Amino acid sequence: MSSLPIFFEAGETLKSLIHQFTDPYAFLRELIQNSLDAGSSRVDVRTEFLEDEGIGQGAAVFSVEDTGEGMDQEILDGQLTRLFSSSKEGDLTKIGKFGIGFVSVFALEPSLVVVDTGRDGQNWRVIFHPDHHFERISLDMPLDGTTVRVYKPATFEEFQKMRRRGLETVTYWCKHCEADILYDGTRINQPFELAVPNSMTWSVPGTEMVLAPAFETAPFFGFYNRGLTLSEGHQEIIPGIQFKLNSRYLEHTLTRDQVLHDENYEKAMALLRTAVDGPLRDELFAEAGVSAPDELMGALVPRLPGLAKNWETKPIFPTLHGPPLSICELRSAAWNLEEILWDDTPSPASEELAFRAGPILCWKGPDAAPGWGALIASLTGQTKRVRVSTTWILPRLVADLSEAGKALLKGVGHRLNQAGALCRRVVAARFRNRPAQSRDPFFLIQDDPGTMFQVQAGETRPELTRTPGTLVLNLDHPLLRRHFELAERNPDLAAWLLARLLMMEDDWGPLGEVRLVEAALSDC
C-alpha cells in the first residue's frame, strides 16, 4: 500500500477544473463515458444510503460499475491520477480526450472515492481522500472491469433528492448510449429518434442521424458521440431542419457545455447537410401527395434546389375536377392562365371553369394551408392565386318567371335607360356558386348572361351609365325578392322602386333620383 498526493503536479489547476463542473452530478456522465471508452457494453449505476458510518450522519453512495477493460498500475499512475494525461487523443473510437473526466467526482465534495479495477491479472483498490491524497491497495480477489463508488455525507431526505438528481443527470446525458445503462436496475436507454412526423434516419460508418422538417423558428438539435449527449438545444443550424447527430467526429469542449467546433465537427456537419439535401428531400417528396399535410408542403420549399427530375412528374397537387397535377403540369397551368385557380370545395362554377380554363387546385387557402401556398409559389413563381367561389360567378337564368315578374324586368330596364343607363337587357338569375345572402344585388356583364363571368375581389362594379351590357339581377338577394313579390300586386310601383334601389347601389346620388322622377313624369 502506498499513500501519494493526488494530482500533485496540478496545484491550483485542480481546483479550477473541479469547479468547472457546474453540475456536481456531472461526474455520473463522466464515469459512464469512461466506461464506454473502456469498451463496456453495460454500465450499472446504483445508489445506496448507509446509516451512520462514524462520520456523524449517514452517507449517500453512488456506484458506477462497468465490464470494460479495467486498469493496471501503469494506467492508474500514468493516467487516472494525472491531469491532462489521456491515451484517447486522436482516437475517434473514444469520446473523452482531455484526461480530466475523473476529476468530476470531486465536484460533489465527497468524503471518500473508491475505485476497484482489474486488468491483466492486476487487481487494485484506489481510495481517494478529501485532502487530495490517495491510497493504492493491491487486492487478492480477481476483478472484472471497474467500479467507482462515491461517498457523500447526507441525511436520508438529502439522499432521496440526490438519487433523483442522479437519475435526471444520467437520463439526460446517457439516454441514447449504445451500451445498456441501468440506474438502480432500471434501463434508461431511449430510442434514437425524433418523435415528430416525417422523420427519417440515415447513417454512414461512424455517423448516425435522425432528421425531420422543423416549423419552429428555433428547432431542436442534438449532438452525440456513441449515443452520449454532447449538446442539445433549440437553434436553427440548418434552415427548416431539426436533427439528432450521433458521430465519432464530435467532441465536447473542455468545459463540457458545447460541441468542439473543429475540422472533425465540419466533417460531421457535411454529412448532415448531404443527408438533408439528398435522402431527406427525396423521402419528403416520396411522402408528398394529395393527402400530405400542409406542414410537409412548407418543409419542401427550402429543399427545392437540386430536386431530381423524376420528382417533377409526381402527381402531388390535388384538383377539384380531375387527377392531381405534377410539378410540370402545375407550372404549365400557371403559365397558361397567368394565375393559379383554386378553391376548397367543388361547385358548378368550378366545374364549368375547369372545363373552360383548365385545372383548379383543391386547396384550403393561404390562411389554413400556407405551406401549400409557399410550395406553389416557389415552384411556379406565380403569386397571383384566385379563389373561384369569390371571384367567378356562374348565373342560371330564371326562365319561368310569372307575367308580373317579366313585366318587372321590362319596366326596370325601361326606367333605367330613361334615366341614362346603358342596359341592353335585364334578366333575373340565380348564382349557383353564390350564397343566398350575397351582398351583390346585380351585375353588369358584357358576355351572354348564361355564361361565367369574373368579378375580382375589391373590384368596383361597372357603372350602369358608362358600360353597356346585360344587367343580371340576383334573384337570391332578399331585397330583390321583395320587389318581385310586390310586382305581383303592383308591377309599375315595383319597377320604379327597384330601379331606384339599383341606382342607389350604383351610387348615382341625388341627380339619379331626379332623372328617375323626370322619366316617370314623362310617361304620365
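The values are calculated or read from the model by the stated rules, or taken from the named source; none is laboratory data. Note that the structure is a prediction, hence the values are computed from the model and not measured. Here Cβ is always computed from backbone atoms with ideal geometry, including for glycine, and neighbour counts include all displayed protein chains. Each accessible area value is taken on the protein alone, full model and side chains, heavy atoms only, with ligands, DNA and RNA left out. Shrake-Rupley method; radii C 1.70, N 1.55, O 1.52, S 1.80 Å.
Identify, from the list T253, T217, the residue that is open to solvent by 10 Å² or more (accessible area, probe 1.4 Å), out of contact with any helix residue (DSSP H, G or I) (no Cβ under 6 Å at 6 or more places or on another chain) and farther than 24 Å from E30 by Cα.
Result: T217 is the single residue among T253, T217 that is open to solvent by 10 Å² or more (accessible area, probe 1.4 Å), out of contact with any helix residue (DSSP H, G or I) (no Cβ under 6 Å at 6 or more places or on another chain) and farther than 24 Å from E30 by Cα.
Among the residues of the range 100-136, write down those that are open to solvent by less than 20 Å² (accessible area, probe 1.4 Å), among the polar types (S, T, N, Q) and under 23 Å from G58 (Cα atoms).
S104
Out of everything in the range 137-174 that is under 19 Å from P24 (Cα atoms) and assigned to a loop (DSSP other than H, G, I, E, B), what residue ends up being least open to solvent (accessible area, probe 1.4 Å)?
Restricting to residues being under 19 Å from P24 (Cα atoms) and assigned to a loop (DSSP other than H, G, I, E, B), the top hit is A154.
List every residue pair whose Cβ atoms sit under 8 Å apart, with the two residues 6 or more apart in sequence or on different chains, where the first one lies in the range 106-126 and is touching a residue at least 60 places away in the same chain (Cβ under 8 Å) and of a type outside the set (A, V, I, L, M) and the second, anywhere, is open to solvent by 20 Å² or more (accessible area, probe 1.4 Å) and in a loop (DSSP other than H, G, I, E, B).
Hits for this filter: E109/P24; E109/P130.
Are there any pairs, at least 6 apart or on different chains, whose C-beta atoms fall under 9 Å, with the first in the range 476-495 and surrounded by 13 or more Cβ atoms within 10 Å (Cβ to Cβ) and the second aromatic (F, W, Y) and part of a helix (DSSP H, G or I), and if so, which?
Qualifying pairs under 9 Å: A494/F484.
Going by what's in this entry, would E352 be described as on the phi > 0 side of the Ramachandran plot and of a type in the set (D, E, K, R)?
The answer is no for E352.
So Y265 clears everything in (1) under 23 Å from the mean Cα position of the chain (by Cα); (2) outside any loop (DSSP other than H, G, I, E, B) except one condition, right? Which one?
Against the list (1) under 23 Å from the mean Cα position of the chain (by Cα); (2) outside any loop (DSSP other than H, G, I, E, B), Y265 comes up short only on (1).
Report, ordered by the first and then the second residue, all pairs with beta carbons closer than 6 Å, sequence separation of six or more or different chains, a first member in the range 297-316 that is in contact (Cβ under 8 Å) with a residue 12 or more places away in the chain and closer than 23 Å to A214 by Cα, and a second member that is in a loop (DSSP other than H, G, I, E, B) and open to solvent by 40 Å² or more (accessible area, probe 1.4 Å).
Within 6 Å, the pairs are P302/P239.
On the basis of being within 23 Å of Q33 (Cβ to Cβ), of a type in the set (K, R) and open to solvent by 20 Å² or more (accessible area, probe 1.4 Å), does R273 make the cut?
Judged against the criteria, R273 is not a match.
Table: residues versus (1) open to solvent by less than 60 Å² (accessible area, probe 1.4 Å); (2) in contact with an Asp or Glu (Cβ under 6 Å, 6 or more places away or on another chain).
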residue: S291; (1), (2): no, no
residue: R303; (1), (2): yes, no
residue: P323; (1), (2): no, no
residue: R331; (1), (2): no, no
residue: E339; (1), (2): yes, no
residue: S347; (1), (2): yes, no
residue: S350; (1), (2): yes, yes
residue: D367; (1), (2): no, no
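Which of the helices (runs of 4 or more DSSP H) contained wholly in the range 276-357 include at least 2 residues that are out of contact with any strand residue (DSSP E or B) (no Cβ under 9 Å at 6 or more places or on another chain) and more than 19 Å from K384 (Cα to Cα)?
In the range 276-357, the matching helices (runs of 4 or more DSSP H) lie at 281-287, 348-357.
Considering only residues that are at pLDDT below 55 and either within 29 Å of P153 (Cα to Cα) or acidic (D, E) (or both), look in the range 55-93 and name the one that is least open to solvent (accessible area, probe 1.4 Å).
L83
Contact list please: Cβ distance under 6 Å, first residue in the range 238-255 and touching a residue at least 60 places away in the same chain (Cβ under 8 Å), second residue open to solvent by 10 Å² or more (accessible area, probe 1.4 Å) and among the aromatic types (F, W, Y), pairs at least six apart or on different chains.
From the range 238-255, the pairs are L254/F98.
Which condition number in (1) outside any strand (DSSP E or B); (2) open to solvent by less than 50 Å² (accessible area, probe 1.4 Å); (3) within 30 Å of A369 (Cβ to Cβ) is the one that P197 fails?
Only one criterion in (1) outside any strand (DSSP E or B); (2) open to solvent by less than 50 Å² (accessible area, probe 1.4 Å); (3) within 30 Å of A369 (Cβ to Cβ) is unmet by P197, namely (2).
Considering only residues that are at pLDDT 80 or above and out of contact with any Leu (no Cβ under 7 Å at 6 or more places or on another chain), look in the range 305-317 and name the one that is least open to solvent (accessible area, probe 1.4 Å).
This residue is I316.
Pick from the range 256-268 the residues that are surrounded by 13 or more Cβ atoms within 10 Å (Cβ to Cβ) and touching a residue at least 12 places away in the same chain (Cβ under 8 Å): which of them is farthest from D23 (Cα to Cα)?
K267
Please tell me if S203 is exposed (fewer than 15 other Cβ atoms within 10 Å of the Cβ) and within 14 Å of V276 (Cα to Cα).
Taking the combined requirement at face value, the residue satisfies it.
Tell me yes or no: at least one residue of the range 445-452 is touching a Gly at 6+ places or on another chain (Cβ under 8 Å), under 30 Å from V514 (Cβ atoms), modelled with pLDDT under 70 and not in a loop (DSSP other than H, G, I, E, B).
yes
Say whether the condition of being at pLDDT below 90, within 26 Å of the chain's Cα centre (by Cα) and not aliphatic (A, V, I, L, M) is met by at least one residue in the range 385-393.
The answer is yes; a qualifying residue exists.
Hey, can you tell me all the residues within the range 399-418 that are modelled with pLDDT of 85 or more and out of contact with any helix residue (DSSP H, G or I) (no Cβ under 7 Å at 6 or more places or on another chain)?
Once the filter is applied, which keeps residues that are modelled with pLDDT of 85 or more and out of contact with any helix residue (DSSP H, G or I) (no Cβ under 7 Å at 6 or more places or on another chain), the range 399-418 yields D400, L401, S402, E403, K406, L409, K410, G413, H414, N417.
Which count do you get for residues in the range 410-428 that are open to solvent by less than 40 Å² (accessible area, probe 1.4 Å), not basic (K, R) and not in a strand (DSSP E or B)?
7
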